[in-house]
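The values are calculated or read from the model by the stated rules, or taken from the named source; none is laboratory data. Treat the numbers as computed from the prediction; the structure is a model and nothing was measured. Virtual Cβ from ideal backbone geometry, glycine too; neighbours counted across all protein chains shown.
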Amino acid sequence: MKISTKGRYGLRAVIDLVLHSNGEHVSLINIAERQDISKNYLEQVFSTLRKAGIVKSVKGAQGGYVLAKKASSIFVGDILRALEGNLSVVGEGTQIETNRIEKCIKKNIWDKIDQQINIVIDNMSLEDLINEYKKDKESLMYFI
């Protein structure tokens, strides 16, 4: 499994949204500038995230995006699955059903890798990521 640009940029953009919203709507152009991502590309990403119920949009001069729920109740897995679809390391194939060796490998390797990936992404909320970001940012501050 490889997370595409859509998943990586989408996760970055949502974190940026949380960091800069302060309870107000954030425009895609501002996120695009801060994250050096095309606004047109972000429009596609946020359209998908809106349909998945992760963000809400408001049109107009004061419009933009906000989270649809609290950051503590949105998980990395929610975002990645909305943008990437199935996150399995091996796609489903008909050969798995008939090949006993492949069945064994799937059960003992691929399924276990998938399970561990899901544990990580389904237990890391946006709030957790924001807290880690802030902690990392503070540790980089130098005092003279």
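Consider SER88 against the criteria (1) at pLDDT below 95; (2) in contact with a strand residue (DSSP E or B) (Cβ under 9 Å, 6 or more places away or on another chain); (3) small (Gly, Ala, Ser): it satisfies all of them except one. Which criterion is unmet?
With (1) at pLDDT below 95; (2) in contact with a strand residue (DSSP E or B) (Cβ under 9 Å, 6 or more places away or on another chain); (3) small (Gly, Ala, Ser) applied to SER88, the lone miss is (2).
Could you please find all residues in region 46-59 being among the hydroxyl-bearing types (Ser, Thr, Tyr), surrounded by 15 or more Cβ atoms within 10 Å (Cβ to Cβ) and modelled with pLDDT of 95 or more? If you could, list the steps in order and put the result at the bottom.
Let us first name the residues in region 46-59 that are among the hydroxyl-bearing types (Ser, Thr, Tyr), namely 47-48, 57.
Next, only the ones that are surrounded by 15 or more Cβ atoms within 10 Å (Cβ to Cβ) stay: 48, 57.
Of everything in region 46-59, just one residue is among the hydroxyl-bearing types (Ser, Thr, Tyr), surrounded by 15 or more Cβ atoms within 10 Å (Cβ to Cβ) and modelled with pLDDT of 95 or more, namely THR48.
Among residues belonging to region 105-131 that are loosely packed, with under 13 Cβ neighbours inside 10 Å and farther than 17 Å from LYS70 by Cβ, point out the one that is modelled with the lowest pLDDT.
Looking at residues that are loosely packed, with under 13 Cβ neighbours inside 10 Å and farther than 17 Å from LYS70 by Cβ, I get LYS107.
Quick one: what pairs do we get from region 60-73, first residue at pLDDT 85 or above, second part of a strand (DSSP E or B) and loosely packed, with under 12 Cβ neighbours inside 10 Å, C-beta under 7 Å, 6+ apart or different chains?
GLY64/VAL58
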